[in-house]
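So the structure is just underneath, and the comments pick up after that.
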Amino acid sequence: MSAGDGVPPFRDIPKLAVTPVHQAYLLQARQMQALSFAVHIPLVCFGIAFPAMILFVEWLYLRSGDELYRTLARRWTKVLAALFAVGVITGTILSFEMGLLWPSFTSTFGSVFGLGFAIEGFSFFMEAIFIGIYVYGWDRLTPRAHFASGIPIAIAGLTGSLTVISVNAWMNHPSGFRLASGRAVQVHPLSALFGNGFLWHELVHMYLAAYIVTGFLVAGAYAVGRLRGRWGRYERTALAIPLTIAALASPVQVLVGDWAAREVAANQPVKLAAIEGLQRTTKGAPEHLLGWYTDGQIRYGIRIPDLLSLLAFHNPNATVRGLDAVPRNRRPPVNVVRISFQVMVGIGALLALLGVVYLAGSARRKRLPDSVWFYRALTVAGPGSVIALVAGWVTTEVGRQPWVVYRVMLTSQAVTGANGIPVGYVTLALVYLGVALAVVWILRRLARAPLNLPPAPARAA
């Protein structure tokens, strides 16, 4: 079979001649890392999107002089500062986990991806400095100087996430180095991180997800207020801005998702086979909606002929590699990957539909919807977007297993041989539980703080 048949050939990448570490708790180590990612990634979304939203609201204040926008931007700034502080905690834990749980990975490939984490560190410090200036500068700087002090926060959120995403893209599509005697040599960090073919679809996909998650979560909070009878001009404005941003991003995400899926089909065919539960290499491969993978087939699913080939290669007759293309011990856990992918796609489609309904209705009526069911759906959309976000990363990371660096280093080669992982796992879960309770308490206090709203502008007679 040739690549023209829709079957991408595996790249000839040398594998590390490293014996897997005997670690009885490899699964628990992976779950610890997954827990930290699941907690941290929604905070990354706010770090990417929320500063831009706050700056947009402050720009509306500078443009119109309406004090309502200034009040809204100041309140959102307090939320930004609180979430940034929590992100410092979770990000620091992630940094320690990289070295403590996966020492062979960091020691072997640190020279390849270390530049990315160095840039992320500089971005973090720049963000921290300017958040301090921005928070305490509302009454100490001129309006334009204060607005300018927020721009580095937005830039740092982008550059920090860019470099971390580039490291993840490299793990999925390694390049920019050679292996010699089990060591990475002839390293080209810029090529590895920013010349990576996986970077761009991951980057766009994540940035759109950031605006979707942040937009729907913030709008959902005000939708709850609407259902409880709080519906003044402030609440309408605070809901309309993030909701419009999320509604614009969510349909575009469907197109970017198609782009990402075709890149996976071309470069990680085993992950695609796990997503579908395709046991055998098949020409004109079908797609199954729902269902459970067992005994080499999908049971209880809705079978659609040729759809997988059409989606993966835009050709209904294309050949798609199955799980039988690799040994059993080189396959990811199919049902975990498959269910997480279908959760992501299902919720993403519903969010896109909600966004289209909102945009179409607003364009026609020139006002926010009146239906109580719309606001009930919006309160669910916020948590739903987080579930879709986490499910997408489960698909990406678990679908790469058993490789930590795809087809170069096994996860079992990267893990630590130290004992005590179960104790660390329980401790970590308790820490995150405490952090979650603290975040809820802080956000509730911020929400209950008096608004001190300016009087509404008088309407012309």
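Which ³J(HN,Hα) values in Hz, rounded to whole numbers, follow from the phi angles of the range 40-51 under the Karplus curve 6.51 cos²θ - 1.76 cosθ + 1.60, where θ = phi - 60° and Gly and Pro get x?
Result, rounded to whole Hz: 7, 4, x, 5, 4, 4, 5, x, 7, 9, 5, x.
Please list 3J(HN,Hα) in residue order for the range 324-337, calculated via the Karplus relation 6.51 cos²θ - 1.76 cosθ + 1.60 where θ = phi - 60°; whole Hz, with x for glycine and proline.
Working through the residues one at a time gives 6, 6, 10, x, 4, 7, 10, 9, x, x, 4, 5, 4, 5 Hz.
Under 5 Å between amide hydrogens, which residues at least 5 positions from VAL404 or on another chain qualify, with H placed 1.01 Å from N in the peptide plane?
MET409, LEU410, THR411
Could you tell me, in Å, what Rg and Dmax come out for the Cα atoms of the range 70-182?
Gyration radius and largest Cα-Cα distance of the range 70-182: 17.8, 61 Å.
State, to one decimal in nm, how far the label point of THR106 lies from the label point of ARG444, with both points 7 Å from Cα in the Cβ direction.
Modelled inter-label distance: 3.7 nm.
When a/c reaches 1.5 or more, the comparison of a/b and b/c decides; with that in mind, is the range 86-126 rounded, prolate or oblate per its Cα gyration tensor?
Oblate.
Based on the Cα coordinates of the chain, what is the per residue volume of their convex hull in Å³?
164 Å³
Rounded to the nearest 500 deg cm²/dmol, what is the calculated helix-only ellipticity per residue at 222 nm for the chain, with -39500 (n - 2.57) per DSSP H run of length n ≥ 4?
Taking each H run of at least 4 residues, the total per residue is -24000 deg cm²/dmol.
Given a Förster radius of 41 Å and the C-beta distance between SER181 and TYR136 as r, what FRET efficiency does 1/(1 + (r/R0)^6) yield to the nearest 0.05?
E(calc), rounded to 0.05, equals 0.15.
Quantify, in whole percent, the carbon and sulfur part of the accessible surface of the range 249-369 (1.4 Å probe; protein heavy atoms only).
After summing per-atom areas, the C and S share lands at 62 percent.
Which three lengths, in whole Å and largest first, does the range 140-215 cover when its Cα atoms are put on their principal axes?
Computed over the Cα atoms, the extents are 59, 26, 16 Å.
Accessible area per residue of the chain at 1.4 Å probe, in Å²?
Ligands and nucleic acids excluded, the figure is 48 Å² per residue.
Could you look at the range 31-110 and say what percent of its accessible area is carbon and sulfur, using a 1.4 Å probe and all protein chains?
Carbon plus sulfur share of accessible area: 67 percent.
Go through the range 300-385 and name the trypsin sites (Lys or Arg not before Pro) that are in a DSSP coil and have 12 or fewer other Cβ atoms within 10 Å of their Cβ.
Those satisfying the criteria are LYS366, ARG367.
So for the range 186-345, considering every pair of alpha-carbon atoms, how many percent are separated by more than 21 Å?
In whole percent, the long-distance tail amounts to 58.
If the viscosity is 1.306 mPa s and the temperature 10 °C, what Stokes-Einstein diffusion coefficient in µm²/s follows for the range 306-379 when Rh is the Kirkwood radius over Cα pairs?
99 µm²/s
Search the structure for amide H atoms under 5 Å from the amide H of VAL320, placed 1.01 Å from N in the peptide plane, and list their residues when 5 or more places away or on another chain.
Under 5 Å from the amide H of VAL320: THR282, LYS283, GLY284, ALA285.
Please report the equivalent ellipsoid semi-axes of the range 109-240, computed as sqrt(5 x eigenvalue) of the Cα gyration tensor, largest first, in whole Å.
Semi-axes (√(5λ), whole Å): 39, 21, 10.
Just to be sure I understand the curve: with the Debye formula and one point per C-alpha of the range 271-324, what is log10 I(q)/I(0) at q = 0.19, 0.24, 0.27, 0.28 Å⁻¹?
-0.54, -0.85, -1.06, -1.12
Can you run phi through the Karplus equation (6.51, -1.76, 1.60; θ = phi - 60°) for the range 360-369 and list ³J(HN,Hα) in whole Hz, with x for Gly and Pro?
So the J values, rounded to whole Hz, are 5, x, 5, 5, 7, 9, 6, 7, 6, x.
The values are calculated or read from the model by the stated rules, or taken from the named source; none is laboratory data. Note that this is a predicted model, so its numbers are computed, not measured. We place every Cβ from the backbone using ideal geometry, glycine too, and count neighbours over all the protein chains shown. For the accessible areas, the whole protein counts, side chains as well, though only heavy atoms, and no ligand, DNA or RNA atoms are used. Shrake-Rupley method; radii C 1.70, N 1.55, O 1.52, S 1.80 Å.
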